[in-house]
Amino acid sequence: MPKVPTQVKKCLVVAKHDFYLNDALASLADCEVETLVAKSTSEMNSLIQSHPDLDVIFFPHFSEIISEKIFNRFLCIGFHTGQLPKGRGGSPIQHQILEGDYRCPVSAIQIVDSLDAGPIYLQKEIDLSTGNIVEILARLSQIIASMISKLVTKVPAPKDQVGKSEVRKRIQGNDSRLVLENLTNREIYDRIRMVDGLDYPPAYIEVGNVRLLLSCAEWEKDQIKFAARIERQ
C-alpha cells in the first residue's frame, strides 16, 4: 500500500474535462504545492515517469480504471457523488436523480482494487435537485476543488465504508428513451436534464420512425417545459 504523506508537496490531478482541472488549479493557487494536471491515462503515465516524487494523485470523477501498479505506488484519491457503499459503479449522479435522492455526499475515497470500495477521507454535500448535467458538474467541480485544497493541507485518517454494497451499471443510450405515460412530470424533467450536455446521449421520445431529442428542461409549479429536435431514423 502507498505511504500516506505527512505533507503534500507535489500532486497530480487527472480529469477528462477542463473545468475540473481549472477549478483544482485555482483552489491550489495559494497552497505551497506543485500541481500537475493530465486529461488522460497516457498523459498521467508520462508525468509519473518524469515526476516519480508525486505525493498524491487526485481523480475528479474519472471513469477509467486505474492500474493497480499506480494505486499501489502512489496515494490515489478519487471522488464519487452518491451514497456509499450503496451507490458504487457507473453514472452515480444519474442514479441519484432517478431515485429522487437529490441531496447526497461527494466522497473523497482511496482508490483500491474494488470499484468505489476504498475508505473515505472526506465528504461534502451536493444538491442535485436542479440544473442540467453541465450545471451540476460545474457545482460539483467547485466542491471537489475545495476538497482537494483541504486534502493537500492534511490527509486525514480514512474511514471504512459501512453497510450493504451495490454496484450499478453506467447509463447507456437506450436508457435515455422516455415513455411519457409511465412518468410523472417531475420524472420527465429529471430524465431530460440529467443527460442534457457534454457527451451524454440526450433523452428522447420515439413516435413512429421519428425520434424527438429533448433538452433545456425547465421546472416551475409542477409544470415542465422543454425543447425538442426531430431526428428521423
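Quick rundown of the values:
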quantity	calculated
Helix-derived mean residue ellipticity, 222 nm - over the chain, DSSP H n ≥ 4, -39500 (n - 2.57), to 500	-7500 deg cm²/dmol
Too-long pairs where the Cα-Cα distance tops 24 Å, listed order kept, from Lys10/Lys69; Lys169/Lys221; Lys39/Lys69; Lys10/Lys164; Lys16/Lys69	Lys169/Lys221; Lys10/Lys164
Between helix 133-153 and the chain: long-axis angle, C-alpha atoms, 0 to 90°, nearest 10	10 degrees
Residue with peak Gaussian network fluctuation, the chain [Cα springs, cutoff 10 Å], from Lys169, Lys124, Lys69	Lys69
Gained length - Glu135 relative to His51, 0.36 nm times residue gap less alpha-carbon distance	26.8 nm
Projected label distance in nm at Asp160 and Val179, using a 7 Å step from Cα toward the beta-carbon	4.3 nm
Segment Arg232-Glu220, extension gain: residue separation times 0.36 nm, minus the distance between their alpha carbons	1.3 nm
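FYI, it's all coordinate maths here, none of it is from the lab. Keep in mind that what you see is a predicted model, and the values were worked out from it rather than measured. Note that we place each Cβ from the backbone using ideal geometry, even for glycine, and neighbour counts take in every protein chain shown.
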